[in-house]
Amino acid sequence: MMGCRRRIRRGLPWALAFVFTSGLLLWSKNDGGTGIDPALQDDWNSLRLKRDQQEYIDRRGLHVVVGYYLGDANNVGSSANLTEELLNRNMFDPKPREGQDGVPVVIPPHLSLQMQKLYRINRFNLMASDRIPLNRSLPDVRKKMCRLKKIIIDGLPSSSIVIVFHNEAWSTLLRTVHSVINRSPKALLKEIILVDDASTRTFLGEELNEYVAKLPIPVHILRSENRIGLIKARLMGARKASGEVLVFLDAHCECTIGWLESLISRVAEDRKRVVCPVIDIISDETFAYVRSFELHWGAFNWDLHFRWYTRSTPDIIRRQKDITQAFKTPAMAGGLFAMDKSYFFELGGYDEKMEIWGGENLELSFRVWQCGGSIEIAPCSHVGHIFRKSSPYTFPGGVSRILYTNLARVALVWMDEWQEFYFKFNPEAIKVRDEQQIRTRLELRDRLQCKGFRWYLDNVWPEHFMPTDQRFFGKIKNTLSNQCLEKPTGRGSLNQPMGPVLISTCDVEGRAALTRMFVMAPTEGLSSKVWSGALMTDESVCLDTPDLETADVTLKVRIVACTGQKRQNWRYDTETMSLIHLETNLCLDMPTSESSIVLKDCVDHASQKWIFEPVHWK
Ligand code: UDP
Ligand code: MN
């Protein structure tokens with residue numbers, strides 16, 4: 001029985017890789033209309049359906065899920081009918097074999113109502129977590145080459161593990177702590193620093209003090225009187241740390257064997273490296289430990305939301321020689337990373353004017369890269385994290401205000417003219433832009449002699465899909481119908497990755513216009529008569545061939561993850577206005593029925609003539 005379950009679980013990630021968005025949280029900056037209706041939350045199924053995800057298959061055949069963060073969480077307690085008594089009750093009640101080796105917890109049906117109720121407290125299955133022992137075993141999820149590779153610990157610097165939390169559950173917080181203690185080489189682990197960001201749960205007070213005092217390694221608890229948010233809480237922990245390397249973790253992680261030495265050894269070799277583990281998935285519903293795909297790297301989309309993307313094919317081939325090698329990433333998810341302590345402060349710590357949550361991961365990513373450091377993912381270091389579909393805590397001042405403030409600061413300080421692109425399409429951010437005091441951060445940038453954002457895009461993220469002076473950015477309009485290409489939104493399905501490319505009215509304003517925007521970087525340059533290249537748009541998706549294998553006679557053009565392959569190459573003739581798909585030599589044409597555009601034999605007809613209408617982005 002057990003063996004069978006394990007096999008299924010191990011096989012899973014190859015078929016199902018999730019792309020998480022805001023760093024570690026499923027995401028959308030949408031705190032208005034899509035906030036979870038508390039009434040609906042009573043229904044377990046509706047909660048699950050409320051995920052509001054976009055799904056598509058990326059070029060490696062991975063099932064990609066882009067989720068939306070339902071950032072409401074206001075008044076979880078009252079609206080969800082959770083009493084103070086319940087919120088403050090520590091219900092940790094471990095069953096010896098529950099969740100052992102990372103297998104899913106199955107809650108008996110008669111407890112299902114209570115389980116749903118408790119889920120609302122932390123936005124994960126608290127009942128499941130509370131049944132799993134704090135020192136549960138986990139499989140060694142590393143690749144064989146990683147397991148064989150011996151890292152010499154002698155002489156490596158020591159580390160301080162910094163874990164910030166606000167109203168975390170007892171079981172998840174302490175399972176994080178125990179997993180660190182159980183699976184880190186003693187010589188590398190100087191201390192664990194817990195920073196309590198003004199939690200109100202009573203069990204996180206004296207009870208926690210007493211518990212950690214008995215642990216075999218020093219665990220210090222720092223407490224903030226007022227809610228300061230994760231950014232300032234991490235700074236507080238970092239300032240108190242005495243280890244040479246800072247290792248930040250969220251308060252609901254589980255470290256697996258080998259995790260720490262793989263991070264520390266890279267930092268020890270070069271103190272300007274910021275090193276992230278592979279972030280595995282602890283299911284928010286079953287607490288199963290699910291190994292995730294190693295070859296994802298982090299970047300962001302046009303809204304400055306963190307995104308995972310897949311590595312390019314040549315890169316994968318190069319890496320196959322030594323899969324244990326760390327690889328560079330343009331951005332990090334933000335919750336889990338190791339960084340030399342003196343380098344962290346030399347580089348300016350964090351931006352202390354950022355509130356509560358969000359944006360700090362991009363800020364640090366840009367700062368590290370632009371100011372001479374690097375960020376990488378160590379594939380032999382695996383740490384599980386509970387990814388949530390929504391946030392359980394309050395955002396004092398409003399989710400939207402906080403997120404736009406943090407992102408506006410990122411854009412203002414680090415993105416040069418690309419800040420205009422961000423503000424143009426995020427009017428909400430403009431509202432908070434002018435009140436930002438950024439002088440000290442700009443001075444820091446100056447003092448560190450940091451490079452510009454242009455350099456970052458060219459050198460750190462050459463696959464990016466941002467507009468540049470050398471690229472076309474704008475709408476692609478059909479001369480017959482006067483309609484524009486449109487990137488589909490919403491769900492795709494398994495065989496229609498992100499869905500067919502649509503065509504609809506060009507006359508939309510503001511944010512809605514973004515789905516009509518395409519980017520083309522002609523290899524010949526913008527001034528030449530013909531342009532060839534990929535037709536990219538937000539989220540790193542590109543116009544791709546119809547599925548030629550299935551007898552899809554309509555030859556609908558699809559939009560899928562950009563790969564740089566020939567099948568995504570197009571040629572636009574600025575004089576004849578035809579748009580040719582290079583691999584098939586067919587022309588982009590209006591749909592015959594429905595609204596999805598197609599490829600057809602090239603003819604001299606208005607339905608095959610397209611105007612590339614530039615849109616000013618700065
Ligand atoms: N956190 C905090 N103060 C806050 C918000 C978050 O200390 O105001 C902590 C939180 O408890 C967690 C970490 O910061 O340990 C990251 O937050 P979260 O897990 O909600 O972010 P996600 O992983 O969902 O992106
Ligand atoms: Mn988290």
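See the values below:
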quantity: For the range 366-412: rounded, prolate or oblate by the Cα gyration tensor [a/c cutoff 1.5]; calculated: oblate
quantity: Rounded Å value of the spacing that divides the Cα centres of the range 579-607 and the range 363-400; calculated: 42 Å
quantity: The range 117-239 shape via C-alpha gyration tensor axes, a/c threshold 1.5; calculated: oblate
quantity: Shape call, the range 215-286: gyration tensor on alpha carbons, a/c limit 1.5; calculated: oblate
quantity: Estimated dipole of the range 343-442 in Debye, rounded to 20 [Cβ of Lys and Arg +1, of Asp and Glu -1, Cα centre]; calculated: 320 debye
quantity: Amide H contacts under 5 Å for G499, placed H, 5+ residues apart; calculated: S493, I559
quantity: Coil-residue GluC sites (Glu not before Pro) of the range 394-492, DSSP, other Cβ within 10 Å capped at 12; calculated: E435
quantity: 5 angstrom amide H check on C602, placed H, neighbours 5+ away; calculated: C587
quantity: Under Karplus coefficients 6.51, -1.76 and 1.60, residue-wise ³J(HN,Hα) of the range 500-505 in Hz, glycine/proline x; calculated: x, 7, 9, 9, 7, 4
quantity: Under 14 Å, Cβ to Cβ, from S265 - net charge with Lys/Arg +1 and Asp/Glu -1; calculated: -2
quantity: Amide H contacts under 5 Å for R223, placed H, 5+ residues apart; calculated: D196
quantity: Ranking of T176, T310 by count of other Cβ atoms within 10 Å, fewest first; calculated: T310, T176
quantity: Estimated D of the range 282-417 in µm² per second, where Rh is the Kirkwood radius over Cα pairs and Stokes-Einstein applies at 10 °C, 1.306 mPa s; calculated: 95 µm²/s
quantity: Net charge, S532 excluded, C-beta distance under 15 Å - Lys, Arg +1, Asp, Glu -1; calculated: +1
quantity: Pairwise FRET efficiency - D140 versus V106, Cβ, R0 = 25 Å, nearest 0.05; calculated: 0.55
quantity: Ranked M339, M415, M145, criterion: other C-beta atoms within 10 Å, fewest first; calculated: M145, M415, M339
quantity: Around T200: net Lys/Arg minus Asp/Glu count, Cβ-Cβ under 15 Å; calculated: -4
quantity: Low-density loop cleavage sites - GluC sites (Glu not before Pro) in the range 171-245, where at most 10 other Cβ are within 10 Å (DSSP); calculated: E225
quantity: At q = 0.23 Å⁻¹, base-10 log of I(q)/I(0) for the range 160-232 (Debye sum, equal scatterers on each alpha carbon); calculated: -1.07
quantity: Karplus-derived 3J(HN,Hα), 6.51/-1.76/1.60, for each residue of the range 161-174, Hz, glycine and proline x; calculated: 8, 10, 10, 9, 8, 10, 6, 6, 6, 4, 5, 6, 4, 7
quantity: Per DSSP, loop trypsin sites (Lys or Arg not before Pro) in the range 185-225 with at most 12 further Cβ within 10 Å; calculated: K214
quantity: Lysines with Cα under 24 Å of K240, excluding same-chain neighbours fewer than 8 positions away; calculated: K186, K190, K214, K232, K272, K341, K353
quantity: Karplus-derived 3J(HN,Hα), 6.51/-1.76/1.60, for each residue of the range 135-149, Hz, glycine and proline x; calculated: 10, 4, 7, 9, x, 7, 8, 5, 5, 4, 4, 5, 5, 6, 6
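All of the numbers you see were taken from the coordinates with simple rules; none came from a lab. What you see is a predicted model; the values in this text were computed from it and never measured. Because the Cβ atoms are built from the backbone with ideal geometry, glycine has one as well, and the counts that use them run over all protein chains shown.
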